[in-house]
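The values are calculated or read from the model by the stated rules, or taken from the named source; none is laboratory data. Here the structure is a predicted model, which is why all the values come from computation and not from measurement. Here the Cβ positions follow ideal geometry from the backbone for every residue, glycine too, while neighbour counts run over all protein chains shown. Heads up: the accessible areas ignore ligands, DNA and RNA and are worked out on the full protein's heavy atoms, side chains in. Shrake-Rupley method; radii C 1.70, N 1.55, O 1.52, S 1.80 Å.
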Amino acid sequence: QVHIVESGGGLVQAGGSLRLSCQVSESTFEFLTLAWYRQGPGTPNYYEFLADISGGGTADYIGSVKGRFTISRDNAKNMVYLQMDNLKPEDTAVYYCNTQTAIWSWGQGTQVTVSS
């Protein structure tokens, strides 16, 4: 059973920044492509894919966050991060990490609230 713990969320004003962290207990972590997702307040059953990063560090983003969010990882610590800059109210959501194909059970997520 893979254990996922997301952290770093909070309340921030529009234009502000947050850095999310995700700790994963998985021995093959360094070989996996990891991703960040979010659930918006109006779509509680939908996990929106945001970005992913390969074991070697190649990253990809959806258009709405490209240039504002940066995904990174530390394979030695089994950690994946999401630096979020220039946050907008529509970024308000619960943020989760998982594999690129979301094969693991979801963690508890971390709430991000962006005020206008």
Just need a number here: residues in segment 76-98 that are among the polar types (S, T, N, Q), free of Cβ contacts under 8 Å to residues at least 60 places away in the same chain and open to solvent by less than 20 Å² (accessible area, probe 1.4 Å). 0
Subset of segment 69-92 [among the hydrophobic types (A, V, I, L, M, F, W, C), part of a loop (DSSP other than H, G, I, E, B) and under 16 Å from VAL112 (Cα atoms)]: LEU87
Restricting to segment 48-68, count the residues that are in contact (Cβ under 8 Å) with a residue 24 or more places away in the chain and in a strand (DSSP E or B). 5
In segment 101-108, is there at least one residue being out of contact with any helix residue (DSSP H, G or I) (no Cβ under 9 Å at 6 or more places or on another chain) and in a strand (DSSP E or B)? no
Per the list (1) more than 17 Å from ILE103 (Cα to Cα); (2) open to solvent by 20 Å² or more (accessible area, probe 1.4 Å); (3) out of contact with any Pro (no Cβ under 9 Å at 6 or more places or on another chain), residue check on ALA14 breaks on (3)
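Restricting to segment 48-72, and then to whatever is surrounded by 18 or more Cβ atoms within 10 Å (Cβ to Cβ) and of a type outside the set (Val, Ile, Thr), can you tell me which residue is nearest to TYR95 (Cα to Cα)?
LEU50
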Among (1) over 24 Å from SER116 (Cα atoms); (2) touching a strand residue (DSSP E or B) at 6+ places or on another chain (Cβ under 9 Å); (3) without any contact (Cβ under 8 Å) to a residue 60 or more places away in the chain, where does PHE31 come up short? (2)
Scanning segment 99-116 for residues that are over 16 Å from GLY40 (Cβ atoms) and in contact (Cβ under 8 Å) with a residue 60 or more places away in the chain gives THR99, GLN100, ALA102, TRP104, SER105, GLY107, GLN108
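Kindly evaluate TYR46 against the criterion of being aromatic (Phe, Trp, Tyr), touching a Phe, Trp or Tyr at 6+ places or on another chain (Cβ under 7 Å) and either under 15 Å from ASN98 (Cβ atoms) or at pLDDT 95 or above (or both).
No; evaluated as a whole, the condition is false for this residue.
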Checked segment 77-106 for anything at pLDDT below 95 and farther than 16 Å from PHE49 by Cβ; matches are SER105
Looking only at residues in segment 1-11 that are at pLDDT below 95 and open to solvent by 40 Å² or more (accessible area, probe 1.4 Å), which one is nearest to VAL112 (Cα to Cα)? HIS3
